Amino acid sequence: MSTKKAAGTAKNLRDSKPKYLGIKRTAGQIVKTGEIIVRQRGTKIDAGKGVKVGKDHTIFAMTDGVVSFRDTRKTNFTGKTVSKKMVEVLAVA
């Protein structure tokens, strides 16, 4: 009879580092040039006026202003019309 319980190795205890994706500035918030608005994988949210898309699909402000989200209708390459969310930075009046 053994006096110790058999100890096997666990292969499922590792976890990936968090990526901190998502919306960083909500509608109505004031942003400055260069501030990150959305971190995303793929272009789930499109860029509108006053914003640009980085190489990892991050959307950031190109001008100072107020963040605005809206829904737009786009046509796919197949001809199907889909609704997509778009973010813009509007100038402060």
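The values are calculated or read from the model by the stated rules, or taken from the named source; none is laboratory data. Small disclaimer: the values here were computed from a predicted structure and weren't measured. Every residue, glycine among them, receives a Cβ derived from its backbone with ideal geometry; neighbour counts consider all protein chains shown.
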* Would you say T58 is over 19 Å from G28 (Cβ atoms) and surrounded by 14 or more Cβ atoms within 10 Å (Cβ to Cβ)? -> yes
* Structure fact -> Picking from K74, K4, K11, K52, the residue that is at pLDDT below 95 and surrounded by 10 or more Cβ atoms within 10 Å (Cβ to Cβ) would be K74
* To do: Report whether or not K32 is loosely packed, with under 13 Cβ neighbours inside 10 Å and either among the hydroxyl-bearing types (S, T, Y) or at pLDDT below 95 (or both).
  => no
* When residues of segment 58-93 are filtered for being assigned to a loop (DSSP other than H, G, I, E, B) and closer than 22 Å to E35 by Cα, how many remain? -> 7
